[in-house]
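The values are calculated or read from the model by the stated rules, or taken from the named source; none is laboratory data. Here the structure is a predicted model, which is why all the values come from computation and not from measurement. Here Cβ is always computed from backbone atoms with ideal geometry, including for glycine, and neighbour counts include all displayed protein chains. To get the accessible areas, we keep the full protein, side chains included, count just its heavy atoms, and leave off ligands, DNA and RNA. Shrake-Rupley method; radii C 1.70, N 1.55, O 1.52, S 1.80 Å.
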Amino acid sequence: MRLAIWSTTTPRENSTHQEMFRRQLEEVELAERIGIDQIWFFEHHLQPTAPVPSPNLLIAAAARTTRHIRFSSMVNILPFRHPLLVAEEAAMLDNLTGGRLDMGLGRGLRPPEFAAFGVDQQQSREMFLESFDIIRRVCADENFVYQGKYWTVRKDAPLSPPLVQRPHPPFLASAQSEESLRWAARHDIPFAQIDATADQARHDQAFYRKVQTAHGHAPARRLYLMREIYVGDSDARARAEAQPDLLQYWELWNRYTQFTRGGKLPDSYDFWRRQAPMLHAMSFEEIVANDMVILGSAQTVANAILRLAGQLDLMGLAMIFKLGAMPYDMVVRSMTAFGEEVVPRIHHALDRDATVNRAVPVAASHSE
């Protein structure tokens, strides 16, 4: 099992955006020091609580002061970007990171973002699939002319710069609907699930595995499960400290519920029309009791992670340490405690070949 951090970005009161991004880059350096394998950055548009229109810019900035940790956009929203540009930026990031890039791809979720770009959200799946096919051809460095429903490409020169990782940087996707799971499994692409229950993830993993093997792929682990994490001195103190910020963060699903009630999510997002109200209805105690979030002492957090690892065949655990506008010092304490006290307790469940060198000194100085 690999360890990833999905690096969320929420402005704090009485703080600037410059400070927010500086702290986020420091978080990446801390993540490398405590033995995290990967950092993911999300993409959102015209959303004051998540002001990251380009995860690629954060990857480029963070690559300078790290040596081993891998990076991923989670995700580049393909309906908003020309696929040739996505592939070219990936090639540049692959060089800037020294081959430490994964390509996180998705079709987007928030209706206001589609409205801002003038993109029909109902067509997002078609656009995603067409874009993905073009990206693969560009990464393969084919010369071709493509006239599709949504994009036109004339590639008559080499991909520049050339990729470091061949045939392309590893793909990563967010997949929770049956259609998205089927697509990811057909291509043997690792998939992340946001706030899925253990039962849902187990069902989806079995479905993925069935499609994966039917298309001739080895039955390999491909699931990244996302969980919010907070490590405190004790269970009681961790819950008390994290509860206000966690509930602020969890309120995200209420906004998705409002989209659903307003009829703004198309039929192709039926999974989220059902999932969002279910999550929003859960109480704080239900959220914690069902390991939907993991709060507690180092031992409690380790036990919960091992419990999930025992229930699921995880490729990785994607963790969110920054809960809403949680103060930076709390985030640093929680992350440090995770590295010093939780990682040693779960070391036997980790994929040591995939992890970074946990003793490496680091130069001084997150998105279907």
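Details
- Residue in the stretch 26-33 that is outside any helix (DSSP H, G or I) and open to solvent by 10 Å² or more (accessible area, probe 1.4 Å) present: no
- Residue that is modelled with the highest pLDDT [pool: residues in the stretch 110-143 that are of a type in the set (Lys, Arg) and either within 14 Å of Tyr269 (Cβ to Cβ) or in contact with a His (Cβ under 6 Å, 6 or more places away or on another chain) (or both)]: Arg125
- Residue, modelled with the highest pLDDT, within the stretch 34-55, restricted to residues that are of a type in the set (Val, Ile, Thr) and open to solvent by 10 Å² or more (accessible area, probe 1.4 Å): Ile34
Residues are listed down the side, and each one gets a yes or a no for (1) closer than 20 Å to Leu306 by Cβ; (2) out of contact with any strand residue (DSSP E or B) (no Cβ under 6 Å at 6 or more places or on another chain); (3) at pLDDT 95 or above:
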position	(1), (2), (3)
Ala185	no, yes, yes
Phe191	no, no, yes
Ile194	no, no, no
Ala206	no, yes, yes
Lys210	no, yes, yes
Ala214	no, yes, yes
His217	no, yes, yes
Arg221	yes, no, yes
Arg227	yes, no, yes
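- Selection count, the stretch 271-294, where residues are assigned to a loop (DSSP other than H, G, I, E, B) and either open to solvent by less than 10 Å² (accessible area, probe 1.4 Å) or more than 14 Å from Thr197 (Cβ to Cβ) (or both): 2
- Selected residue (criterion: surrounded by the most Cβ atoms within 10 Å (Cβ to Cβ)) from residues of the stretch 295-347 that are assigned to a loop (DSSP other than H, G, I, E, B) and not aliphatic (A, V, I, L, M): Lys322
- Residue in the stretch 133-142 that is in a loop (DSSP other than H, G, I, E, B), aliphatic (A, V, I, L, M) and buried (at least 17 other Cβ atoms within 10 Å of the Cβ) present: no
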